[in-house]
Amino acid sequence: MAKGSVTDENGIPYNYLIVIDAGSKGSRAYVYYWLSSQYLLANNILRVPDDHVKLLKRIELDPSDLPQVQTGSKWHKKIHPGISVFHENSAHIGPKYLNYLLKKVYDIIPIEQHYRTPIFLHATAGMRLLKPNEQQEILDNVCSYLQQETNFYLPDCASHINIIDGDVEGLFGWIALNYLTGTLAVNRSSAGLLDMGGASTQISFEPNEKETKEHYNQLINLKLATMGQEVTNLRYNVYSDSFLGYGLSQMRLKYLRGLERKREDGKEYVEDPCLAAKRHQTVQLDGMEIEVKGTGNYEQCNENVYQLIANKCGDKQEVSSCLLSNTNPDFNLNSDNFYGVSGYWDTVSKLLNYNDKEENYGKIYAYDKMVQETEKICSLNWNQLKEYKDLGKSELEELCFKSTYLMNLLHNGFGLNRTRSHFTVNDNVNGSAFTWTLGRAVLYASDESLIEVQNYVHNYVDDGKRDKVGYSRNSAPGVFVRGSEVDGVPLRPVYEIFDSYQEPGFLRDLKQGEDYENDDVVEEIDHKSIFKAHSWIVVLIVLVGLIFVIANKSRVLRLINEIVLFVSSLVRKYIHGRAGGIHWPYVTRGRYKRARSMDLGASEVELSEMDIAEPEDSEFDLGVEDDDILSGYEDFDLSEDSDDGIERAV
């Protein structure tokens with residue numbers, strides 16, 4: 001992995017950006033960079049004559065002439081699980097989780113650039129499933145840790161660390177896809193996107209002119225600017241929708257909940273036709289552990305999976321777009337230029353043995369191959385499946401379900417024809433891996449470039465009427481989201497050279513011997529509190545407490561009695577308004593005993609005439625300690641066993 005450079009060969013500083021995709025199954029950090037338009041202009045490499053851009057030196061630009069957003073080889077890091085698991089222990093999310101991502105980006109971005117490198121964490125469907133207070137607690141702890149323990153540019157928590165809506169995630173994905181295909185340009189037809197995650201699936205595309213007019217209020221208005229422009233010159237109306245709960249992980253949980261529960265030897269189990277025969281799993285469903293026994297039956301698996309969509313589809317049809325209501329803009333997966341990425345590619349490539357060689361990317365989806373291979377792998381028992389597919393255990397366990405679900409979703413939910421289509425499954429476009437975070441970076445770079453050109457042309461004078469890169473929903477055009485920093489938050493600081501640079505604080509939290517460097521490792525981070533991770537500690541504490549109580553019975557009872565008296569005196573004095581002092585534990589009692597004892601005149605008592613009674617109950621406790629001897633009355637026996645006739649305070 002090569003470390004990033006501070007400047008290019010001409011001394012023009014790069015602008016870096018960090019985007020963390022906090023998904024339902026894990027988090028991924030990506031680092032992007034591009035040349036600053038401000039310094040290109042200042043160094044006469046980029047000029048802005050009247051209405052066009054002139055490059056005085058050769059700069060490689062994308063076909064769209066948007067800023068050239070780039071990333072390096074292995075400039076990303078993925079960890080498990082998703083941040084939503086920290087909803088019970090969010091205070092530990094920094095040192096126990098974020099550090100794995102921060103160490104990676106720290107090693108990539110030169111420390112000279114840290115202070116001016118914006119960092120974003122955008123959470124998606126996994127966090128949307130939590131309660132609002134749980135969401136906010138996690139986000140607050142993330143932002144606090146990043147601001148205190150890193151030197152990256154994070155001026156505003158709300159816009160940098162947040163949960164994005166599903167349609168915004170789809171919009172970012174659409175920008176990324178069309179940026180890679182070079183179709184973010186005037187008079188170019190854009191591509192549509194189907195993106196499958198763990199908790200949701202997104203669809204985003206640019207409707208035709210007729211559908212745009214009919215469904216205008218359902219669309220997102222997107223404005224972009226190519227390099228050197230003072231105004232936005234690329235405008236799109238994009239339809240983007242997210243189906244929460246239709247992601248691969250959430251849909252499998254829904255599927256398992258729908259299976260008939262059975263009991264054997266006092267334990268509940270379900271029989272799963274989508275799991276290979278002779279394979280058993282234990283899964284958590286609604287807080288209960290359920291055993292899943294595989295039966296390996298494709299026909300029954302397909303019927304069960306279809307029922308997940310059938311509640312909207314009505315009568316079963318070979319091809320249907322029943323997931324999409326009549327209020328959605330019309331599209332055609334069979335003729336329009338659509339790409340299926342992420343979970344679509346991941347499932348299809350594993351099923352049909354597509355590898356990561358460039359010539360195997362961009363495969364046209366073929367139903368006949370899909371159904372043939374799915375029927376086969378769903379019918380194999382566990383031992384046969386392990387020999388047939390060289391995949392990890394969890395991948396093998398879920399492959400039959402995922403393949404069956406994708407086919408039902410595409411054909412019965414989105415209307416993909418089973419015989420002929422141009423639908424492409426892909427996760428690599430023009431040699432670059434797809435991720436919606438690239439779309440977020442392109443949006444930032446385009447807006448930043450526009451602002452830098454406007455500042456250059458107008459000598460940093462803002463009349464309040466400047467055009468902006470960003471997006472708004474047509475149903476609420478007044479709520480405009482800028483592509484870079486929100487209004488009122490300054491852009492990244494200008495590039496300066498300092499004598500020294502402070503090391504970020506998170507480095508001291510790194511564990512000795514922990515593997516933070518290996519790019520091929522996908523860590524399963526321990527998110528549990530110490531008590532949940534080591535339940536034996538709880539048992540030990542309870543056991544020690546019980547032993548202490550048994551061994552110190554009288555003292556524990558006295559402590560309880562003192563607390564009760566203290567609370568009772570507070571209630572009597574301040575709530576009921578009665579006279580009397582406050583009973584202070586272990587203080588009032590001692591003073592009261594001494595006061596009553598000192599009231600006895602020495603001449604009134606003849607010790608020689610007193611009868612000493614034998615103790616009747618050695619365990620009867622009046623609360624007098626053995627060493628509590630009153631000054632001047634050392635001959636009195638005030639122990640627990642005495643019966644000296646002196647009235648005591650209790």
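The values are calculated or read from the model by the stated rules, or taken from the named source; none is laboratory data. No experiment lies behind these values; they were computed from the predicted model shown. Methodologically, a virtual Cβ is constructed for each residue, glycine included, from the backbone with ideal geometry; neighbour enumeration extends over all protein chains shown.
Name the residue that is modelled with the highest pLDDT, counting only residues in the stretch 435-465 that are within 18 Å of residue 43 (Cβ to Cβ) and among the charged types (D, E, K, R). Top of the filtered list is 448.
Just checking, which of 154, 184, 130, 180 is in contact with a His (Cβ under 6 Å, 6 or more places away or on another chain) and modelled with pLDDT under 95? Before the answer, list the steps.
On the way: 154 fails: modelled with pLDDT under 95; 184 fails: in contact with a His (Cβ under 6 Å, 6 or more places away or on another chain); 180 fails: in contact with a His (Cβ under 6 Å, 6 or more places away or on another chain).
None of the others qualify; the one that does is 130.
With respect to residue 205, is the statement that it is among the aromatic types (Phe, Trp, Tyr) and more than 30 Å from residue 144 (Cα to Cα) true? Judged against the criteria, residue 205 is a match. Restricting attention to the stretch 130-180, the residues being under 14 Å from the mean Cα position of the chain (by Cα), in a loop (DSSP other than H, G, I, E, B) and of a type outside the set (Val, Ile, Thr) number 3. Restricting attention to the stretch 94-129, the residues that are part of a helix (DSSP H, G or I) and of a type in the set (A, V, I, L, M) total 8. When we screen 230, 289, 264 for residues that are among the acidic types (Asp, Glu), out of contact with any Lys or Arg (no Cβ under 6 Å at 6 or more places or on another chain) and in contact (Cβ under 8 Å) with a residue 12 or more places away in the chain, the only hit is 230.
Taking the condition within 30 Å of residue 333 (Cα to Cα), out of contact with any Ser or Thr (no Cβ under 7 Å at 6 or more places or on another chain), of a type in the set (A, V, I, L, M, F, W, C) and not in a loop (DSSP other than H, G, I, E, B), does residue 399 pass? Yes. Starting from the stretch 162-177, keep only residues that are farther than 17 Å from residue 129 by Cα, then list their pairs with residues that are at pLDDT below 95 and part of a helix (DSSP H, G or I) whose Cβ atoms are within a distance under 9 Å, requiring at least 6 positions of separation or different chains. Listed pairs, sorted by first residue: none to list.
Consider the stretch 365-423 and keep the residues that are touching a helix residue (DSSP H, G or I) at 6+ places or on another chain (Cβ under 7 Å), of a type in the set (Gly, Ala, Ser) and modelled with pLDDT of 90 or more. The one that is farthest from residue 277 (Cα to Cα) is 403. Does the stretch 491-513 contain at least one residue that is at pLDDT 90 or above, in the same structural domain as residue 26 (by TED's automatic domain parsing), more than 17 Å from residue 105 (Cβ to Cβ) and surrounded by 12 or more Cβ atoms within 10 Å (Cβ to Cβ)? Yes, the stretch 491-513 has at least one match.
When residue 442 is tested against the conditions (1) free of Cβ contacts under 8 Å to residues at least 12 places away in the same chain; (2) under 30 Å from residue 32 (Cβ atoms); (3) of a type outside the set (D, E, K, R), the lone failure is (1).
Take residue 461 and decide whether it is free of Cβ contacts under 8 Å to residues at least 60 places away in the same chain and of a type in the set (Val, Ile, Thr). When the stated conditions are applied, residue 461 passes them. Only residues that are in a helix (DSSP H, G or I) and either over 29 Å from residue 296 (Cα atoms) or in contact with a His (Cβ under 9 Å, 6 or more places away or on another chain) (or both): list them for the stretch 402-438, please. If the condition is that a residue be in a helix (DSSP H, G or I) and either over 29 Å from residue 296 (Cα atoms) or in contact with a His (Cβ under 9 Å, 6 or more places away or on another chain) (or both), then 436, 437, 438 are the ones that fit. Among the listed residues 459, 455, identify the single one that is at positive phi and assigned by TED's automatic domain parsing to the domain that holds residue 173. Exactly one residue qualifies, and that residue is 459.
Residue 195 satisfies every condition listed in (1) out of contact with any helix residue (DSSP H, G or I) (no Cβ under 8 Å at 6 or more places or on another chain); (2) outside any helix (DSSP H, G or I); (3) in contact (Cβ under 8 Å) with a residue 12 or more places away in the chain except (1).
Once the stretch 5-49 is narrowed to residues that are part of a loop (DSSP other than H, G, I, E, B) and among the hydroxyl-bearing types (Ser, Thr, Tyr), the residue that is surrounded by the fewest Cβ atoms within 10 Å (Cβ to Cβ) is 5.
Here residue 594 meets each of (1) exposed (fewer than 12 other Cβ atoms within 10 Å of the Cβ); (2) more than 30 Å from residue 97 (Cβ to Cβ); (3) at pLDDT below 75 with one exception, condition (1).
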